[in-house]
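Engineer: Sharing a structure here in structure tokens format.
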């Protein structure tokens, strides 16, 4: 029987694998490449959040450090999405 922390890490790892497969599949489906790319980008930032919280142990970090991480993640994702959607179509 797996211990609780090991079970949690295994579940997060499985979620990361599934998110990778989902983002890979969503990049190949549909005609709207901007929407597909945006979905892949959001999934990538969700994965970064899970890696930061679980494998870099930011879940147990002091609140100010965790807030800096969460705010940076949200700001970086939003900035990239805004720049991507405002850029001219190639």
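Engineer: Can you find, within segment 31-55, the residue that is farthest from residue 77 (Cα to Cα) among those that are touching a residue at least 40 places away in the same chain (Cβ under 8 Å) and more than 13 Å from the chain's Cα centre (by Cα)?
Structural biologist: Within segment 31-55, the match that is farthest from residue 77 (Cα to Cα) is 55.
Engineer: Among the numbered criteria (1) in a loop (DSSP other than H, G, I, E, B); (2) out of contact with any helix residue (DSSP H, G or I) (no Cβ under 8 Å at 6 or more places or on another chain), which one does residue 18 miss?
Structural biologist: (1) is the only condition that residue 18 fails.
Engineer: Listed residues 75, 61; which is surrounded by 13 or more Cβ atoms within 10 Å (Cβ to Cβ), over 22 Å from residue 20 (Cβ atoms) and without any contact (Cβ under 8 Å) to a residue 40 or more places away in the chain?
Structural biologist: Of the residues listed, the single one that is surrounded by 13 or more Cβ atoms within 10 Å (Cβ to Cβ), over 22 Å from residue 20 (Cβ atoms) and without any contact (Cβ under 8 Å) to a residue 40 or more places away in the chain is 61.
Engineer: Which numbered condition in (1) surrounded by fewer than 12 Cβ atoms within 10 Å (Cβ to Cβ); (2) in a helix (DSSP H, G or I) is the only one that residue 29 fails?
Structural biologist: So the condition that residue 29 fails would be (2).
Engineer: Right, next: In segment 30-62, how many residues are modelled with pLDDT of 95 or more and out of contact with any helix residue (DSSP H, G or I) (no Cβ under 9 Å at 6 or more places or on another chain)?
Structural biologist: Residues in segment 30-62 being modelled with pLDDT of 95 or more and out of contact with any helix residue (DSSP H, G or I) (no Cβ under 9 Å at 6 or more places or on another chain): 1 in total.
Engineer: Only residues in segment 9-30 that are on the phi > 0 side of the Ramachandran plot count as the first member; pair them with residues that are surrounded by 14 or more Cβ atoms within 10 Å (Cβ to Cβ) and in a helix (DSSP H, G or I), Cβ under 9 angstrom, at least 6 apart or cross-chain, and list the lot.
Structural biologist: Hits for this filter: 30/36.
The values are calculated or read from the model by the stated rules, or taken from the named source; none is laboratory data. This one's a predicted model, so the numbers in the text were calculated from it and none came from an experiment. Note that each Cβ is placed from the backbone with ideal geometry, even for glycine, and that neighbours are counted across all protein chains shown.
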